[in-house]
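**Student:** To start, I am sharing the structure in question, which I have written as structure tokens.
Any read-out appearing in this document is the output of simple, stated calculations on the displayed coordinates, not a laboratory observation. Everything numeric here is computed off the predicted structure, so don't read it as measured data. Cβ atoms come from the backbone with ideal geometry, glycine included; neighbour counts cover every protein chain shown.
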Amino acid sequence: MKNKAPKEVMSGSDIKIPNQMGRPTKYCDEFVDEILERLSFGESLKKVCTSEHLPSSRTVWTWMRVHPEFLHRYEKAKEEACEAMAEELNDIAEDDSRDTQRSRLMIDTRKWYLSKIKAKKYGEKLDTTVTHKFSALADDELEARIKELENQTPE
């Protein structure tokens, strides 16, 4: 199969103008604002970039590497998306028009995602309180216990 050259169109003044092909790749505030707004409301980058008038996700990833201010704004939009997702949990739970199993899956998936991405805020809280007090042992008892533990063979 041969590669076809882009079709050319003759303008009124006989100047050849190639048909515009492909998606935009030039960094543009208009595209950036739309992408970041949609991301902040919880849309995935993959879904946002399916819009024909926007650049591909590959281009957006390139922008993140080349434009640090865009990367910073992208990270902020993703944080906002987590908050939107957290708020959405109640809407899903209260929507009795949905299938119960499907709603449970949607809620569990979002809860899992939030617990990994924003673990400090939405992750499980682990109790790391230490209740053993070594100060109750005399120094020679502590040294004996340390030697005992060092001489144990791993199972």
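**Student:** Select, from 84, 93, the only residue that is touching a helix residue (DSSP H, G or I) at 6+ places or on another chain (Cβ under 9 Å), assigned to a helix (DSSP H, G or I), surrounded by 12 or more Cβ atoms within 10 Å (Cβ to Cβ) and in contact (Cβ under 8 Å) with a residue 40 or more places away in the chain.
**Tutor:** 84
**Student:** Let me ask something else. Out of everything in region 49-76 that is surrounded by 18 or more Cβ atoms within 10 Å (Cβ to Cβ) and among the aliphatic types (A, V, I, L, M), what residue ends up being farthest from residue 23 (Cα to Cα)?
**Tutor:** 60
**Student:** Within region 43-71, can you find the residues that are under 14 Å from the mean Cα position of the chain (by Cα) and of a type in the set (D, E, K, R)?
**Tutor:** 43, 46, 47 - these are the residues of region 43-71 that are under 14 Å from the mean Cα position of the chain (by Cα) and of a type in the set (D, E, K, R).
**Student:** Residues being surrounded by 10 or more Cβ atoms within 10 Å (Cβ to Cβ) and of a type in the set (D, E, K, R): count how many of those fall in region 96-107.
**Tutor:** 3
Conditions (1) hydrophobic (A, V, I, L, M, F, W, C); (2) on the phi < 0 side of the Ramachandran plot; (3) in a helix (DSSP H, G or I); (4) free of Cβ contacts under 8 Å to residues at least 60 places away in the same chain, marked per residue:
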{"residue": "54", "(1), (2), (3), (4)": "yes, yes, no, yes"}
{"residue": "58", "(1), (2), (3), (4)": "no, yes, yes, yes"}
{"residue": "61", "(1), (2), (3), (4)": "yes, yes, yes, yes"}
{"residue": "71", "(1), (2), (3), (4)": "yes, yes, yes, yes"}
{"residue": "76", "(1), (2), (3), (4)": "no, yes, yes, yes"}
{"residue": "79", "(1), (2), (3), (4)": "no, yes, yes, yes"}
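**Student:** Next up: Where the second residue is part of a loop (DSSP other than H, G, I, E, B) and aliphatic (A, V, I, L, M) and the first is in contact (Cβ under 8 Å) with a residue 12 or more places away in the chain and within 13 Å of residue 67 (Cβ to Cβ) and lies in region 21-35, which pairs have Cβ atoms under 9 Å and are six or more apart or on separate chains?
**Tutor:** Final answer for the pair search is 31/54; 35/54.
**Student:** Does residue 144 meet the test of being among the small types (Gly, Ala, Ser), surrounded by 10 or more Cβ atoms within 10 Å (Cβ to Cβ), assigned to a helix (DSSP H, G or I) and touching a residue at least 24 places away in the same chain (Cβ under 8 Å)?
**Tutor:** No, not satisfied.
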